[in-house]
Structures are given as C-alpha cells and as structure tokens.
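Data block below; observations after.
The values are calculated or read from the model by the stated rules, or taken from the named source; none is laboratory data. Since the model is a prediction, treat every value here as computed from it, not as a measurement. We place every Cβ from the backbone using ideal geometry, glycine too, and count neighbours over all the protein chains shown.
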Amino acid sequence: MSLTLTGPVRLRGVTRRYGTRAALDGVDLDLGPGVTGLLGRNGAGKTTLMRCLATDLDPTSGELRLLGRDPGRTTERTEIRRRLGYLPQNPDFYPHFTAFALLDYMAVLKELGGRRARHDEVRRVLRQVGLYDRRHSRVRRLSGGMRQRLALASALMGDPDLLLLDEPTVGLDPEQRIRFRNLVSHLATRSTVVLSTHQIEDVAALCGHIVCLDGGRVVFDGAPGDLVDRARGHVWEGTGDPGIGLTSWRLPDGRHRVLTPETAGAPGPSFTAVEPTLEDAYLLLIGVSGTEGR
Amino acid sequence: MKLLRRARRRVPSYGPDSADPVLLTAIAAGEAEALEILHRRHAPWLRARLNYRCSDPDQVDAALQETFLAVWKSAASFTPRPGDTDAGAWLWTIAIRQLISQLRKRANRWIGELETEPYETIGDASAEDTVLLNIEHGPLGAALHSLSPELRAAIQATILDGLTVREAAQILQIPEGTVKTRVMRAKARLREALTS
Amino acid sequence: MSGWHLTPAQAHDYAARRTDEITAMSVEAHLMHCPPCRSMLPADEEWLADGWASLRDVVDRPRRGVVETLLSHTGLRAETAKLLAATPRLYQAWLGSTVVVLIAALAAAHTLPRGSLMFVFLAPVVPLVGVALAYGRGIDPAHTLASVTPMAGQRLLFLRTCAVLVPALLLCTGAGLLLPHTVTAWDAIFWLLPALTLVSGSLLLGRMMHLSVASGVVGGLWVLGLILVSLSGQGVPLGVFAPQAQMWWGVLLATLVGALVFRVRVA
C-alpha cells in the first residue's frame, strides 16, 4: 500500500454501522480525477458510502480524507463542503420556490459570491442542465426529470472539485441522458466525479474506474476493461436448455445468453463463448442468480 | 399583485426577428429574453446618438441602462400607431429624457427625481418640422450651416430630439424664453433658405 | 423615405462621433424612421453584453417573497433574509397554529375561571415546538441538499432558531400583555426564562440526536416535571414561575447556553 497522501478521495478501513449491522465494512479506496462508477445492488452500501463522501455521515471507524482534509473536523469539513457538489438520492425541495429562487437559496448556502455573481452562476448551471427557460417555474410544476436536473444543477454550482452523484439519471429521458453524459465527462477533466448507479450503460459510457460494493465491502476496484476480462470465457450464447442455477436470458432471436460463474466450460453443446459486456461482467461479479426473463 | 398580473399576461411568441411591438408585448408579460432582443437591436444607435449629446460615456451608459429599465417597467404603455412596427422614436424619447435626468442628477444631486411624465412618442406635429432636417434635400446643408451654433442647438433639442421647451432649456442650460425665440428664429431662417 | 439611405462609411463615421454637427442632425433625422440604417451602425459586442448583463441583473431575478422583503427592510443582509425566509412548510404551520392556540388561550383566560393557566403552561413550550419543526432530516424537505453545504450545521441551525424564537417570543409576549391579570411588563414574560431554557436544552441535546427527537425529550421532561411538582405540592405548579424559581431558571439557562457555546467552539 502506498503512503502517498494526495488524491482527492482516500478511505482506509472505513466502517459505518447502524446498530450491529455494518453498512460499510472496512472499505479501502483511492479515487482520483475522472469518473468513478460505484456499482452494487440495493443495500450494498452505495448510498452510505456516498453520504460519507458527502460529509453527510461520519464513519463509525476508519480513516476518511476528502480533498486532502479530514471531514471529522468542523473547519476542515466546511472547507470540503465549499468544494463539494452532491446530488443525493431522491432529492427534495421546497415546492413553492421557483427553480431560480431555489438555486439562489442553495447558492447562498454554498456561500457563492455577491448577488450578481451568484445569479450569474445560477443561470450558468440552469443552462447546463437545460432548465433555463423554466427558471421562473415553481418546483411543483416541474416534472420528475426536471427536478432531477434541478438537483443536478444545484450540485454543479460553484464548479466543485468533488462531485458526488447518487442515481443521477433516474427520470431522465434518453436525450437528456446523453446530455448528462456529455456534461459529466466534460466536468471530469478537472474534477473527481463519483457516480453511484444501477445504469450499467452510464458506467460503460463514462467511467474509467469502477468500484463495486457487495455487503458493505469492496468486491472490485479497477478499470472497466479488467472487469470485462474477468468475465471472458464465462459468457455463452446458443440454443437449448441453459440448465438450472445459471444466470441466463432469452435473446430476441430465440437463443439464450448464459453466464457461467463457476465452470469455464460451455453450458451445452450448441453454446459458443461470446465477448462479454460490462453488464455481463457485473452480473457475474455480484453473482446474480436468475433465470429466464431475469 | 402587479407582479402576479404581469405573470399571467399572455406571452406572444417572439424571436430575434420579431417586430418591436411584439417584443414590447412580451416584455410587458415579463419576458426578459424579449428585452434582450430589443436591447441588442436599439442600444447601439441610441448610444451613438446620445454620445452626440453627452461626452461622458459613463453617463450615456447609465442613461441607457435606465432607458431599458423604464422599458421593462412601462412596456405596456407603448401603443404603436397602426401599421407601425418600429419603437425607435418611442425609445428615443425615453433615452433622451433619461439622459437629461442623468445630467441633472450629476449637476444638482440635491434636487429630487424628475417629475415623471408619461413617455409619448414624438407626435405627428413635428413631422413637418423634421422634414426641415432631411439630409437628402440639397439646400438644407447650406441652410443649417448658415445658422449660428446656438440656433442649431435649439433646433436640435426641440425638433430633432423632440424635447419640450422646458427640457430643452434644461439640457442647453438657457432660459425657456430664450429657447422659444431661438427656435422661432431658426425655423424662419431654414424656411427662408429652403424656399428661396 | 425617398430612397435615400446612409452609406456604410457614413454610418461608421456617425457611430464613431466623427460626423460634423450638421450632417449628424440629418443622419439622426433619418435614423429616427429607418430601422435598416440603424442596424448598419457598428455594434460593440462586448459593450452590448456588459450592458445586457447589468440589465438582466435587475430584470431577471427570483421574486422575493413578502417575508424576505420585510426582513431585508429591517436592515438584515439580503443573504440572511433569504435564509431566514426559506423555511419548511411545517414551520409555517407551526407559526399559524401558534397564533390560533394563543388566541384560544387568551379567550380561555378571559372567560373561564383560572383559564389563564392554559397560557401559563403553553407559552414555555411554543418556541420548543417551533424549534422541533424548523430543522432536520424529514422535517425540512431540502435538508439533504442543504445539509452538505458550508452554511449547514450550526450556522443554519442558529438562523432557523432565530426564525423561531423571534416570532414566538413576540407572539407570546403580546398574548401575555393581553392576559386579564397582567399589570406590569413582568407579568407578561414570566414564561420567558423557562421557554429559553427548554430551547437551549433541546439544542444541546440535538447535538446527539435528531433535533425533533431532542425537543420531544425536553418537552416530555417539562411536562413530567410539572406533573411531579403538582403531585408533591398543592395542586397547580405555579411555583415554577415564582421569582425565586426564575433565578434558578436563569442559572440553568446560562449553564446550557455556556455548554452550547463550548460544544460549538470545540467541535
């Protein structure tokens, strides 16, 4: 293990308990600039980890350093928060505020400049998420996708060095999703972005680094290519009965795609090995058991 | 309450090529983008023209700022003449009055705000007069040349800029009576030159 | 007009203030009625953008609510007014119900025998309930967004507490002055020290648990205390507001505030 202290995000043995249950269990991580995709099934500890990174939750034990600072100390925590953008899961707002007023309020909380500079920043992020034309609409009149984008705009204010996005593409239509990807990949040239999601396509499109959690532990930490490499020889396509206990699903042409976590051999005579996708690799990693129709 | 009413007013569809009256209706409905289009369209020439009235660019900028803020507040009071798609004359009357008020503020800070009169487009009455200034009439240049600078300034303020005698007196810093006599003398000279 | 228009050179000269006075007059007379010639004048893009930016700053900003406007008229910083005015709906409901409850208490005081007791035991709890409904996860819908901003934590909590205390103390004092037996100003604010003590107690406890829970605990202790005092004493525990008791309330309040300040400094 290296002794370098640099790196925007550093965790050593971070544990967070709720009563006796450990939502995070001895997590060691180093996250750098670029987009890190945080994967895992529900309850794997993703949101707990995100909240720890967002200074919203203190680890029960372990060492956490964000942007080189200790979030456990009040002054350092405030310094981290000045450079932090956080899109929480299921963000909520004051429904009677307009989009502009809400972001203006958030900008005051983020201590962004005088009125003029603050309003300019609000306009900038509203344009970035494509809500500028709706800036004087009340939040309750905005659709779910628009609210999601409004929360994203709030996270983007002040050009954060550390951007934490928990399920950011929920409620976005395909076009907005592409816009979102462009936006994030652009931001990731300067900042550290952590993207917690179930959308493997977003991870495949954006992330140069993948962290997968299961049961509060890190089960994979590396490049997407490495994850795919692990799956090579475990993904098959062919006709016939894929057998019981294997993850498989029916393809549109009537054949089956089968994942074989244990044995390297083909599940049947008609099956041939195919190139795994990131999704195959992820499913193999977390050992999803499922049959026809998933 | 006023704000609420503003928000409820119907917004016409508009774009960068919309006519001034359409933009002004949109502005009256609270559309900042329509004001931006109007600003882009009219600010440059208003600035150029105000620059001939005041040599301090800061005061000109301040007057223009106030002009468009006045437009924002009183866009609803603009009533175009039928078939008129241009608000240039209306904007000018606002701009020149804002400049006068700027200059007064600078000169006598202790004097309160100008008593605000409603902005009215320079009326048809002066249309006949403005003919006097048409550049395309050959003899006009010579006629204007023959005027003394004082008479020219009086003509400029009243006929060209559309100021009232009182406002002209303020900007020229001469008594109102003097403005009146100078304008009369200047008009007489011009007519003489043009008809001879 | 008569088919005559400015040449580009004329337009350029005019805009650059190089035109002589007489030509300028003619140009202006023409420009007044000729939009195409106007648009020939060169536009300084940077100047236009600057001008529009300062205009937009005035014409395009979020409308301020009544409360925010009133607050900023009292001399508060615009930012502080904005933070104070942005309160959860529950807080607003608290403010409304406080008014209703105080009116009911006043009505009781004026019509029922010993009806003023309702006010006596209500007033100290009013600010406490407000604090419970002003801040925290589950109470404030925007809490998850707000809680990780630099202003979050003690500063926002302090502001929200002010947003509770000021109206609560004003309303209760007003109601106190309208009580039938109020003679001096002191009669109207006998509840003040207990009320402040309860609030500081819940704020201190709130550093260990959710503020709403803390307020609930403190409120429970208060009610329990009243019951115990009335069981041991002569029925109605008015003694808790007696002058000697006020001194003890003062000591307790000072201790709690001291502890709060100490905790905030240390953390």
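Brief remarks on what is shown
- Selection status of A:P59, touching a Cys at 6+ places or on another chain (Cβ under 7 Å), more than 8 Å from chain C (Cβ to nearest Cβ) and free of Cβ contacts under 8 Å to residues at least 60 places away in the same chain: yes
- Where helices (runs of 4 or more DSSP H) fall wholly inside the range C:81-164, the ranges with 3 or more residues that are under 20 Å from the mean Cα position of the chain (by Cα) and free of Cβ contacts under 8 Å to residues at least 12 places away in the same chain are C:89-111, C:143-146.
- Residue within the range C:145-167 that is among the charged types (D, E, K, R) and either within 10 Å of chain A (Cβ to nearest Cβ) or over 25 Å from A:T75 (Cβ atoms) (or both) present: yes
- From the list A:R118, A:R149, A:R140, A:R65, the lone residue that is more than 8 Å from every other protein chain (Cβ to nearest Cβ), among the charged types (D, E, K, R), at negative phi and surrounded by fewer than 19 Cβ atoms within 10 Å (Cβ to Cβ) is A:R140.
- Odd one out for A:G72 among (1) without any contact (Cβ under 8 Å) to a residue 60 or more places away in the chain; (2) surrounded by 15 or more Cβ atoms within 10 Å (Cβ to Cβ); (3) closer than 21 Å to A:G216 by Cβ: (2)
- A:Q89 meets all of the listed conditions (1) modelled with pLDDT of 90 or more; (2) touching a helix residue (DSSP H, G or I) at 6+ places or on another chain (Cβ under 6 Å); (3) part of a loop (DSSP other than H, G, I, E, B) but one, namely (1).
- Residues (outside any helix (DSSP H, G or I) and either on the phi > 0 side of the Ramachandran plot or at pLDDT 85 or above (or both)) located in the range C:197-246: C:G235
- Qualifying residue in the range A:184-197 (condition: of a type in the set (D, E, K, R) and surrounded by 15 or more Cβ atoms within 10 Å (Cβ to Cβ)): no
- Set A:Y86, A:Y105: member being without any contact (Cβ under 8 Å) to a residue 24 or more places away in the chain, at the interface with chain C (Cβ under 10 Å from one of its Cβ atoms) and closer than 15 Å to C:V148 by Cβ: A:Y105
- Taking the criterion of being modelled with pLDDT under 85 and either more than 19 Å from B:A95 (Cα to Cα) or more than 7 Å from every other protein chain (Cβ to nearest Cβ) (or both), the residues of the range C:1-25 that qualify are C:M1, C:S2, C:G3, C:W4, C:H5, C:L6, C:T19, C:D20, C:E21, C:I22, C:T23.
- Residue match in the range C:72-90 (condition: of a type in the set (S, T, Y), closer than 18 Å to C:G219 by Cβ and within 14 Å of chain A (Cβ to nearest Cβ)): no
- Sole exception among (1) of a type outside the set (K, R); (2) surrounded by 15 or more Cβ atoms within 10 Å (Cβ to Cβ); (3) within 30 Å of C:A85 (Cα to Cα) for A:N90, by number: (2)
- Verdict on C:I139 being assigned by TED's automatic domain parsing to the domain that holds C:E79, closer than 30 Å to A:I80 by Cβ and not acidic (D, E): yes
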